[in-house]
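Before any comments, here is the structure.
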Amino acid sequence: MLIEGFIFPEDRLYLKNHVWLVEGDTLTIGITHLGQSLSKEIVHIDLPDEGETVKAHDMLIAYETIKAVSQISLPFDCVVEEVNDVLWDDPNLINDDPYKIWMVKVKGDMDRGALMDVGVAGKYYSELIKKEKERYAGY
């Protein structure tokens, strides 16, 4: 699905914090096209340790851009199964292809109520982009 020039693949679930998830034996976690666009030039990333247990809404990942520090959390408890080690040396790879470059893989009991399929995510992110355009229309 294409929303205001931003790609949202239909094979993923989404969170309101610009995170995508792919279901499988583990849940693969990454950042959306829109999220990476807002986070241009990721200069540093803090990934969790493999085997680490992260409680719902606690910080899973932190990343620093030239403008800000952002955090990713999940709405459910999880255990980190794998981290994408290439990001330690070059976190900006996320900006090259945010749907190819994943951050972590976790196991956990997903709270499906907090997840959006691409149709619901499309509506949510369309409204978000619309509000941001209105906010900055006078600048």
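Restricting to DSSP H runs of at least four residues, report the calculated mean residue ellipticity at 222 nm for the chain, -39500 (n - 2.57) per run over all residues, nearest 500 deg cm²/dmol.
The helix-only estimate for the chain comes to -6000 deg cm²/dmol at 222 nm.
To the nearest 10 degrees, how steeply does helix 118-135 sit against the main Cα axis of the chain, on a 0 to 90 scale?
Relative to the chain, helix 118-135 is tipped by roughly 50 degrees.
Treating only the Cβ of Lys, Arg, Asp and Glu as charged (+1, +1, -1, -1), what charge dipole size does the chain show about its Cα centre? Round to the nearest 20 debye.
840 debye
Within 10 Å of each candidate Cβ there may be at most 12 other Cβ atoms; applying that plus a DSSP loop requirement, which trypsin sites (Lys or Arg not before Pro) in the range 50-139 survive?
K55, K67, K100
Most fluctuating residue of I45, I66, I101 in a GNM of the chain with Cα springs under 10 Å: which is it?
Checking each option, the largest mean-square fluctuation is seen for I66.
Estimate the FRET efficiency between H57 and E127 by the formula 1/(1 + (r/R0)^6), using the beta-carbon distance for r and 22 Å for R0, to the nearest 0.05.
The formula returns an efficiency of 0.45 here.
Between E52, E127, E23, find the one with the highest GNM mean-square fluctuation for the chain; connect C-alpha pairs within less than 10 Å.
Sorting by GNM fluctuation, first place goes to E127.
Send over the semi-axes of the range 67-139's equivalent ellipsoid, whole angstrom and largest first, taken as the square roots of 5 times the C-alpha gyration tensor eigenvalues.
They are 27, 20, 11 Å, listed largest first.
For each pair in K16/K67; K105/K133; K16/K100, compute the distance between the two Cα atoms and list the pairs where it is over 25 Å. Each step should come with its number before you reach the end.
Numbers: K16/K67 20 Å; K105/K133 34 Å; K16/K100 20 Å.
Too far apart for the 25 Å limit: K105/K133.
Read the figures in this text as sums done on the coordinates, not as results from a lab. Fair warning: this is a prediction, and the values are worked out from it, not measured in the lab. Quick reminder, even Gly has a Cβ in these numbers, built from the backbone with ideal geometry, and neighbours come from all protein chains shown.
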